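Let me begin by presenting the structure, written as structure tokens, before commenting on it.
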Amino acid sequence: EAQVTQNPRYLITVTGKKLTVTCSQNMNHEYMSWYRQDPGLGLRQIYYSMNVEVTDKGDVPEGYKVSRKEKRNFPLILESPSPNQTSLYFCASSFPLAGGPAREQFFGPGTRLTVL
Amino acid sequence: AQKVTQAQTEISVVEKEDVTLDCVYETRDTTYYLFWYKQPPSGELVFLIRRNSFDEQNEISGRYSWNFQKSTSSFNFTITASQVVDSAVYFCALSESGGKLIFGQGTELSVKP
């Protein structure tokens, strides 16, 4: 089944404790991206990757890191989480078109993160 | 800079009413793509439609229709004869070349029986 998986789905942690949210897709998509969803703000892009070893900042990259060593995986790393990073996080992937995410994006189920 | 505005935060209708969700965008690019996504109460994000900037044809899919007007930078979404299952948050999004995807704030639609 074609899908984007994220783990964990739920996470409660404390300020400053490094964590990684994994994202994996089995559709051979070049493009992958991370978003956070907050009430009243919609989805905001954190980082995206056009292909392996190519990553770039979205609109809210501060406090996050990513890596794209393999095509299928795009982990999101919070080196020192803070309470303002409490949010619902979505990973997505797609085939690009003309250099951008012009095809429909397939979203993972979401990871609800709480930082105390 | 690119921007997407969904001015309607919440809309409430009674079943079988028609409802239009507004989306206004800003971009400097001549080539761009517009999307609508649905987020039902279960939380997943479901793709509804993609439109490229060179195709202003309106589209109809069952009870759903989309009106793309470059002159007013709008990409509005109409649900005809709404149903309770249409209750969800709907997001409009814009992609230019270069990888960024910008979402609007979302419109929460509540369809009451």
* segment B:1-48 and segment A:28-66: distance between their alpha carbon centers, rounded to Å -> 20
* For segment B:1-98, what does the alpha-carbon gyration tensor say about shape, rounded, prolate or oblate, given a ≥ b ≥ c as the root eigenvalues, a/c under 1.5 as rounded, and a/b over b/c as prolate? -> prolate
* Amide H to amide H under 5 Å from B:Arg50: which residues, 5+ apart in sequence or cross-chain, H placed 1.01 Å off N in plane? -> none
* Asked: Ordered by residue, what ³J(HN,Hα) values in Hz, to whole numbers, does segment A:29-34 give under the Karplus form 6.51 cos²θ - 1.76 cosθ + 1.60, where θ = phi - 60° and Gly and Pro are x?
  -> 6, 6, 8, 9, 7, 10
* Structure fact -> Which of A:Gly40, A:Gly58, A:Gly16 fluctuates most in a GNM of chain A (C-alpha springs under 10 Å)? That residue is A:Gly40
* With contacts defined as alpha carbon pairs under 8 Å and 6 or more residues apart, what's the relative contact order of chain B in percent? -> 39
* Asked: By how many nm would the segment from A:Arg9 to A:Lys57 grow when fully extended, if each residue of separation counts as 0.36 nm and the alpha-carbon distance is taken off?
  -> 14.9 nm
* Between segment B:53-113 and segment A:2-18, the Cα center-to-center distance that results, in Å -> 30
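Values quoted throughout were computed directly from the atomic coordinates according to the rules given, and no laboratory measurement underlies them. Remember, predicted model here, so these are calculated numbers, not experimental data.
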